[in-house]
1. Specify which of the listed residues (C:111, C:129) is assigned to a helix (DSSP H, G or I) and farther than 30 Å from residue C:30 by Cα.
2. How many residues, within region C:162-195, are more than 14 Å from every other protein chain (Cβ to nearest Cβ), closer than 21 Å to residue C:16 by Cα and without any contact (Cβ under 8 Å) to a residue 24 or more places away in the chain?
3. Exactly one of (1) within 14 Å of chain A (Cβ to nearest Cβ); (2) surrounded by 17 or more Cβ atoms within 10 Å (Cβ to Cβ) is unmet by residue C:270. Its number?
4. Given the residues C:157, C:162, which is the only one that is assigned by TED's automatic domain parsing to the domain that holds residue C:39, more than 21 Å from residue C:271 (Cα to Cα) and buried (at least 17 other Cβ atoms within 10 Å of the Cβ)?
5. Does region B:101-119 hold any residues that are assigned to a loop (DSSP other than H, G, I, E, B) and either crowded, with 21+ Cβ neighbours inside 10 Å or modelled with pLDDT of 95 or more (or both), and which are they?
6. So which residues in region A:54-77 are surrounded by fewer than 19 Cβ atoms within 10 Å (Cβ to Cβ), touching a residue at least 12 places away in the same chain (Cβ under 8 Å) and either within 11 Å of chain C (Cβ to nearest Cβ) or in a helix (DSSP H, G or I) (or both)?
7. Condition first: touching a helix residue (DSSP H, G or I) at 6+ places or on another chain (Cβ under 8 Å), in a loop (DSSP other than H, G, I, E, B), under 21 Å from residue C:302 (Cα atoms) and more than 12 Å from chain C (Cβ to nearest Cβ). Now tell me which residues in region A:1-53 satisfy that.
8. Go through B:21, B:15, B:43 for me and flag whichever is part of a helix (DSSP H, G or I) and closer than 19 Å to residue B:213 by Cβ.
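The values are calculated or read from the model by the stated rules, or taken from the named source; none is laboratory data. What you see is a predicted model; the values in this text were computed from it and never measured. As a convention, Cβ positions derive from the backbone with ideal geometry for all residues, glycine included, and neighbour counts pool all protein chains shown.
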């Protein structure tokens with residue numbers, strides 16, 4: 001399964017926006033993601049991709065753009 | 001690296017140097033002026049910062065304020081208080097109250113050190129409290145509280161090699177406060193031993209004095225307590241518009257009566273409820289002053305420092321000797337004979353040296369509403385004091401002729417019993 | 001014996017300067033002396049907790065030994081097992097001293113607990129966080145000595161900022177290169193001087209000069225509707241200004257000192273008064289505390305609620321967690337009605353704020369968004385915050401019940 005496509009799908013479900021056009025935009029600064037959204041993202045990654053991320057692994061600065069999230073997901077898969 | 005470090009710490013070091021330069025420089029920075037409102041506030045504030053400082057006093061005493069040296073009595077502000085009467089009846093003088101609970105002769109001697117030009121050939125009022133003349137003299141902690149390095153360094157910059165300054169240095173060295181600055185302490189030891197100060201010591205004292213003077217100029221006028229001024233204004237409203245002694249005397253009696261209902265001592269109710277009621281209930285105060293004596297005390301020599309200083313500056317001083325509330329005196333067993341002898345001893349010290357302006361009220365302890373509490377004058381007491389203070393300060397006075405004697409610095413004088421007084425007078429003529 | 005409030009007077013700063021000088025020269029030449037760092041840490045801890053405050057010092061030592069035993073024990077245990085109940089027990093045990101300290105005044109007529117000391121609440125955060133990250137497996141290499149340095153790092157011991165073990169460890173184990181360190185010195189010195197302005201001039205003016213007068217006026221103007229009066233309004237703004245300048249000033253000292261020691265302790269304040277909404281406010285005010293609550297309470301609770309599908313809707317989950325999160329923060333400040341009300345107030349404010357943001361997102365076209373609305377939002381947020389600080393200040397308690 002393509003990790004990138006799945007992550008983008010999760011993000012668009014979560015934020016209600018298509019983020020594929022702005023892969024390096026900061027999702028927290030633009031208000032698309034918040035703490036609640038991050039937790040939902042982690043849970044979705046777990047259920048859709050089987051990636052287990054503990055909350056304390058979630059360092060905001062490493063997860064703040066679509067590209068960074070995809071990279072993280074790929075490294076943890 | 002050096003360049004970057006200089007960029008970081010350069011401004012910091014420069015700022016430190018500038019602050020230090022401003023503090024040690026002898027230049028005054030345009031803070032000389034003091035508003036009349038601030039002087040009015042400071043004159044009755046009784047703030048320890050004002051007492052310890054210089055700038056505010058110096059400015060006010062140059063503007064027609066007269067120093068009123070004393071202690072806790074100044075805080076008993078009622079309509080007949082000297083500050084209230086002077087304000088209400090637009091007298092030519094205004095009291096500048098110097099002293100608060102715990103200030104005694106030694107503190108006042110140092111207070112005089114940096115207002116010398118304001119005392120020279122001028123007038124002053126000095127309120128003597130018999131309670132100062134206890135066995136131990138001034139309390140070390142109270143002296144420490146009012147101690148001012150500024151005044152000490154100022155004094156050390158103009159001291160003379162004579163009995164007065166040697167005694168002052170020795171006396172100061174007995175106080176823990178003298179240890180607050182190591183260099184001042186060594187300088188005091190040299191003065192006490194009759195030695196001269198070295199060039200380096202003079203330089204240090206001069207710089208220290210400049211620094212403290214600047215600090216005092218910048219900060220002593222900030223945040224003055226305003227409560228007492230409000231009280232003075234409030235009390236002034238109770239007075240009739242035109243001065244009349246008989247009207248004031250009966251007003252003083254009426255107010256006194258109204259405020260002293262709840263106790264047999266004729267002590268103001270407020271004071272009685274706050275300070276005495278509980279203690280009296282325990283019964284510990286009955287006869288507790290039976291063995292108290294004001295006759296043998298180092299305070300006599302400390303007081304001599306003040307007299308000596310007045311003589312040097314040719315200041316014309318009115319001394320006030322207050323009574324003690326007689327009902328209180330009887331209850332606590334304080335000996336009336338001892339009080340009479342105290343009066344004799346202190347008057348001898350004053351009159352034998354040419355201080356003849358004395359308001360001796362020591363026999364007025366039983367006049368109704370003369371005292372506001374146990375030892376402080378109020379209502380009629382203040383009015384009686386005003387009867388002498390006003391003419392003394394408002395009218396031209398004869399030049400005093402002082403004849404100072406160093407014998408009052410001796411242990412013999414401090415400890416002299418009253419019966420030996422006339423004999424002492426003969427032998428030391 | 002000499003004893004100081006941390007950053008309390010010029011002598012403290014002079015001693016700090018002298019003590020840090022050899023350390024700074026060392027780092028500039030690429031060396032860190034663990035021994036020297038430990039010695040000055042001990043020196044300043046003794047200055048803070050010695051002399052007449054020795055009982056606090058004893059409490060601190062016992063507390064630290066206790067937390068070391070817990071974290072170390074748990075780290076050893078976690079290598080072999082991972083049971084939920086053991087984890088919960090360890091967390092509860094580690095916050096037990098803090099709980100006792102906070103509850104004692106409420107049940108013992110304002111008497112403070114014997115086991116309390118300056119900084120106990122901030123140290124508890126560091127200990128709990130260490131345990132939680134150990135459980136998650138993100139903290140694998142627990143070292144007792146590093147943990148001790150982390151807990152007892154003197155610049156931040158009394159009131160934060162609350163650093164994180166792994167972040168601290170990375171800084172502590174390395175020496176910044178000269179160029180970077182010169183930059184840190186530059187920032188550190190600037191922070192300390194801005195701190196002087198905040199704490200010794202502005203906070204002094206608002207807190208020591210103005211506030212007591214306003215309080216007396218407020219107390220004398222009682223009798224109106226709910227005992228409120230204009231002086232109460234003045235007090236509200238004055239208290240808020242004092243709270244900010246006092247705490248931001250202290251934080252600047254703590255961060256500045258850390259920088260001089262080559263440790264990049266995180267910043268605690270980031271222009272909080274320009275926040276357009278309450279959520280943003282908590283990203284700018286007492287940042288290390290609010291982020292700690294976000295990471296170790298809010299996110300974990302949300303994670304747990306969602307995983308176990310406790311609530312149907314994600315918004316309900318978020319709202320319930322906001323309230324719990326802020327209530328816990330209120331209790332942490334102290335067990336009094338006004339701290340708890342303050343927490344509840346902020347919890348509700350966050351719920352309303354979230355609802356508004358959702359509504360705004362949906363009706364983007366019909367809601368104006370321009371300079372005026374921006375200024376209005378900032379004004380509204382600042383005033384809401386000041387109002388919450390009025391609750392926090394305890395003045396209402398004095399007005400109503402004393």
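1. Values: C:111 fails: assigned to a helix (DSSP H, G or I).
On inspection, the qualifying residue turns out to be C:129.
2. Result for region C:162-195: 0.
3. So residue C:270 meets the others, but not (2).
4. Details: C:162 fails: more than 21 Å from residue C:271 (Cα to Cα).
Unique residue meeting the criteria: C:157.
5. So the first thing to find is which residues in region B:101-119 are assigned to a loop (DSSP other than H, G, I, E, B), and the list is B:101-104.
Of everything in region B:101-119, those that are assigned to a loop (DSSP other than H, G, I, E, B) and either crowded, with 21+ Cβ neighbours inside 10 Å or modelled with pLDDT of 95 or more (or both) turn out to be B:103, B:104.
6. Once the filter is applied, which keeps residues that are surrounded by fewer than 19 Cβ atoms within 10 Å (Cβ to Cβ), touching a residue at least 12 places away in the same chain (Cβ under 8 Å) and either within 11 Å of chain C (Cβ to nearest Cβ) or in a helix (DSSP H, G or I) (or both), region A:54-77 yields A:60, A:67, A:70, A:74, A:76.
7. A:27, A:33, A:51
8. Working: B:15 fails: closer than 19 Å to residue B:213 by Cβ; B:43 fails: closer than 19 Å to residue B:213 by Cβ.
After ruling out the rest, the residue left standing is B:21.
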